[in-house]
Amino acid sequence: MRIMRIFRHLETILATLLIGGFLSATLARLAPGFGADEQELDSRLSAESIRQIRESHAQERNILHFYFNYLKRAIHGDLGTSRSLGKPVRQLIADRLPITVRLCGLGLLVGWTVGLALAIAVVMAQVRVLDVFAAGLAGTFLSLPAAVLALLFVYFNAPASLAISSIVFPKVFSFSRNLLAQSYGLPHIITARAKGLGSARIFGWHVLPVAGPQMLALAGVSVSMALGAAIPVEALCGISGIGQLAWQAALGRDLSLLVTVTVLVTVVTLAANTGSDLAMDIFRGQQA
């Protein structure tokens with residue numbers, strides 16, 4: 001049964017990748033200004049050079065033809081060449097992916113640590129002042145757009161990974177706080193507390209098994225949040241990662257690069273969600 005579910009997840013991922021890549025290419029093709037190139041404004045170029053530039057854009061006008069050729073090349077490991085950056089897309093991804101992985105990894109680690117620790121402290125301490133302070137802090141960060149947070153961290157010369165943490169933290173705290181509060185209100189946990197069991201034992205043996213699967217689901221979603229936040233953070237902080245690459249590809253209507261980045265982000269997002277789903281199944285199976 002579990003193997004069949006894995007296969008269904010893989011089929012969903014493959015279908016989503018194919019559709020997502022095509023839609024990203026279509027949106028870029030239909031965007032205003034597609035086909036225009038700043039190089040044509042260079043007075044030093046000859047008429048023949050301008051004609052060649054326009055012909056290179058003409059090959060991308062038929063989106064079905066472009067996407068079919070892109071998939072055919074991608075099967076053999078050729079992701080094309082970035083028109084805006086003049087480098088192979090495969091090389092750009094290989095150079096910039098580790099930067100984004102490190103940035104998002106640190107951001108998720110700090111965001112989860114702070115958010116979960118604060119949620120546990122609020123629920124277990126039952127102190128009104130702490131609850132109000134934590135909720136106000138999370139609400140403040142939650143109301144600020146990612147671009148505004150990135151600008152603030154640039155202004156104060158703070159690490160960009162903390163900007164990712166500031167975006168992940170309020171969502172982790174809000175979800176964890178509500179989930180833990182509901183779990184502590186269950187009858188068997190109230191009974192365990194009435195019998196005098198220690199807080200650590202109640203949390204580890206009674207609360208965590210109830211809240212664990214939902215926490216795993218949030219972990220998968222938080223990866224998507226971190227990747228989405230990486231685009232404005234990297235673009236505004238001047239970090240040469242996948243987020244900045246996506247921004248440059250969108251501005252330059254660079255189809256090969258844009259489709260590849262879209263597919264890559266989709267793969268990571270779906271893999272994280274699939275991993276959390278499978279972990280939830282294993283967790284529940286052990287509890288059964």
Review point. Just checking, how many residues over the stretch 112-128 are without any contact (Cβ under 8 Å) to a residue 40 or more places away in the chain, of a type outside the set (G, A, S) and part of a helix (DSSP H, G or I)?
Key: 2
Review point. Of the residues that make up the stretch 100-121, is at least one surrounded by 14 or more Cβ atoms within 10 Å (Cβ to Cβ) and over 24 Å from the mean Cα position of the chain (by Cα)?
Key: yes
Point to revise | Some residue of the stretch 247-254 being among the basic types (K, R) and in contact (Cβ under 8 Å) with a residue 60 or more places away in the chain | key: yes
Check your understanding: Is it the case that D95 is out of contact with any strand residue (DSSP E or B) (no Cβ under 7 Å at 6 or more places or on another chain) and over 25 Å from A229 (Cβ atoms)?
Key -> no
Review point. Pick from L103, L85, L45: which is at pLDDT below 85 and closer than 30 Å to V223 by Cβ?
Key: L85
Check your understanding: So, in the stretch 178-197, of the ones that are among the polar types (S, T, N, Q) and closer than 17 Å to M215 by Cβ, which residue ends up modelled with the highest pLDDT?
Key -> N178
Exercise for review: List every residue pair whose Cβ atoms sit under 7 Å apart, with the two residues 6 or more apart in sequence or on different chains, where the first one lies in the stretch 213-230 and is within 11 Å of A279 (Cα to Cα) and the second, anywhere, is modelled with pLDDT under 85 and aliphatic (A, V, I, L, M).
Suggested key: P213/M280; L216/A279; L216/M280; A217/M280; G220/A272
Practice item. Would you be able to say whether some residue in the stretch 217-225 is buried (at least 20 other Cβ atoms within 10 Å of the Cβ), hydroxyl-bearing (S, T, Y) and more than 20 Å from G21 (Cα to Cα)? Key: yes
Study note, to complete from the structure: Across (1) among the hydrophobic types (A, V, I, L, M, F, W, C); (2) crowded, with 17+ Cβ neighbours inside 10 Å; (3) modelled with pLDDT of 80 or more; (4) in a helix (DSSP H, G or I), A28 clears everything bar (3)
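The values are calculated or read from the model by the stated rules, or taken from the named source; none is laboratory data. Treat the numbers as computed from the prediction; the structure is a model and nothing was measured. Neighbour counts are summed over all protein chains in view; Cβ atoms, including those assigned to glycine, are modelled from backbone coordinates with ideal geometry.
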